[in-house]
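Inspection log for the structure reproduced underneath, given as structure tokens.
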Amino acid sequence: MSTTSPLSSEPYDAIIVGGRPAGASLALRLGRLGWRVLIIERANFPSAPPVSVPFLMNSAMSLLDELEIPESEYAHDAPRLRNFFIEYKDYFRAHCAISDVGGRDYIYTVDRERLDSSLWNHLSRYGSVTRLEGVSVLDLERDASGRVNGVKVRLEDGSEQKVNGSCVVGADGRFSLVARQAGARITEQHTDVETSLLYAYWTGHAPYEPDPVGIHVHAPGDGFSVILMPTTENRVAVVFQGRADRFQAPEDAQSYYLEGLRRYPSIWRRLANATQVSKLSGMKRVGNLYRQAGGPGWVLVGDAFHQKDSIDAQGIYDALLESKLLAAALVEWKQGTLSWEQAVERYEREAIAATRPMFQATLDRLKREIYTEMPPWAARSVLRWMMTDAEYMKRFSLLVGRRIDPAQWAPPGLLLGALARGIAGDVRRLVGRAD
Ligand SMILES: Cc1cc2nc3c(=O)[nH]c(=O)nc-3n(C[C@H](O)[C@H](O)[C@H](O)COP(=O)(O)OP(=O)(O)OC[C@H]3O[C@@H](n4cnc5c(N)ncnc54)[C@H](O)[C@@H]3O)c2cc1C
């Protein structure tokens, strides 16, 4: 257990449950302002979350810059990824260059153990922040009016203790105990486009042509997709993902995974002589939802508040952004400019405004690319014209980099333009051939 001081009997300004992107970034923002924060994490660092194979988007790196987390720490040894290649069956291949965000035209497949440990270790900058790791929060404590005013924890020696705080923040992930114990309502949920996935790390894979560290996505149009994500130690993370209603929950997940990869020749060509060097991990039915943001004395941030499919890789960015918005609202509450209810209401409104349009874009993409099976003629024509259009792919890159309004990322003019350019290109090729 790492604590900077013994647990105080004086109430903390804030108790934060969960010490990864949402919780640690919030503690950094509040610690910088001198808040007395207690942050409690069940795991011991260094450790990665149980399921995670993440792209760290350049938009998220800009938020890490604000927290003065050095890129050299979290990105150590990870190659800079500048190109996405999306193969649609053997019909066509689309290319998407990563757009510049905050001076970075690249993203990483980041090592979560490094990223999360780096955030946690930087909390030692602030003497007013007390860190507890290897400690589980068991329950919420309430005053006579029912307002949450602390937590009950189980310490590493097995003893239980109550700790008081002026507020409790649930940054405890998608299966949030704080949300459950506080009775947070789910305010929006989409179970109709859920996906499940399995992944492992490999070495000895064949490089991708034309970019050896290109992100290689194979979308066979049958409700599944495979992604090869180059990462540290010359490894590649290989993700097999599919619509949840077709993704069997097999007893022998390893065989199911390998069968899935072997099905697609362009994937298996790269892996046939490679070695799987990690155990298989995965998740069934990745949720797409929002919960009520808070109530008397408690508030949620990160995945505890809002979670979505990993297809657009927005989870870490959203967690860092929500914690920034929450910190600003909490400051106003502490200064007395806003009541607790007003601060929670403001945070919820701002967090939904900042994340909801991108969430919708992700839901639309799941429907379009995973849940819709296009007839071959449509895939070879309309879909190809769109996805091989440079302007369309540039807008897509700006969308996932959070550089344009997600509600406006693909206006009718863009789609019509892409179709017109695609048809014109085909006609030119036909005429060229006839000549
Ligand atoms: C398969 C998969 C792939 C993903 N890919 C990407 C990607 O490519 N890019 C991306 O940006 N995001 C991705 N994400 C999402 C990303 O991992 C999450 O959005 C992000 O981790 C959320 O951070 P958080 O701090 O809210 O929660 P978490 O990272 O889940 O952290 C919550 C912490 O709370 C702790 N905790 C829970 N309960 C208690 C308790 N009772 N007491 C004490 N501690 C507790 C847990 O131990 C955990 O460490 C992916 C998610 C999944 C599942």
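The values are calculated or read from the model by the stated rules, or taken from the named source; none is laboratory data. Everything quoted here is computed from the prediction, not taken from an experiment. For neighbour counting, all protein chains shown are included, and Cβ atoms are generated from backbone atoms with ideal geometry for every residue, glycine included. Heavy atoms of the whole protein, side chains included, go into the accessibility calculation; ligands, DNA and RNA do not. Shrake-Rupley method; radii C 1.70, N 1.55, O 1.52, S 1.80 Å.
Between 54, 49, 70, which is within 14 Å of the ligand (Cβ to nearest atom) and over 30 Å from residue 372 (Cα atoms)?
Selected residue: 49, the only one of 54, 49, 70 that is within 14 Å of the ligand (Cβ to nearest atom) and over 30 Å from residue 372 (Cα atoms).
Could you list, in sequence order, the residues of segment 328-351 that are aromatic (Phe, Trp, Tyr) and open to solvent by less than 40 Å² (accessible area, probe 1.4 Å)?
Selection gives 340, 347.
Considering only segment 111-150, how many residues are touching a helix residue (DSSP H, G or I) at 6+ places or on another chain (Cβ under 9 Å) and free of Cβ contacts under 8 Å to residues at least 60 places away in the same chain?
Within segment 111-150, residues that are touching a helix residue (DSSP H, G or I) at 6+ places or on another chain (Cβ under 9 Å) and free of Cβ contacts under 8 Å to residues at least 60 places away in the same chain number 3.
Got a number for residues in segment 190-210 being buried (at least 17 other Cβ atoms within 10 Å of the Cβ) and either part of a loop (DSSP other than H, G, I, E, B) or within 16 Å of the ligand (Cβ to nearest atom) (or both)?
Counting residues in segment 190-210 that are buried (at least 17 other Cβ atoms within 10 Å of the Cβ) and either part of a loop (DSSP other than H, G, I, E, B) or within 16 Å of the ligand (Cβ to nearest atom) (or both) gives 12.
For residues that are within 10 Å of the ligand (Cβ to nearest atom) and either open to solvent by less than 40 Å² (accessible area, probe 1.4 Å) or polar (S, T, N, Q) (or both), tally how many sit in segment 148-171.
Going through segment 148-171 one residue at a time, the tally reaches 4.
Could you check segment 118-130 and list, in sequence order, the residues that are more than 11 Å from the ligand (Cβ to nearest atom) and touching a Ser or Thr at 6+ places or on another chain (Cβ under 8 Å)?
124, 127, 129, 130
Confirm whether residue 365 is in a helix (DSSP H, G or I), modelled with pLDDT under 95 and closer than 19 Å to residue 57 by Cα.
Answer is yes for this residue.
Just to be sure I understand, how many residues within segment 385-407 are open to solvent by 20 Å² or more (accessible area, probe 1.4 Å), assigned to a loop (DSSP other than H, G, I, E, B) and touching a residue at least 12 places away in the same chain (Cβ under 8 Å)?
4
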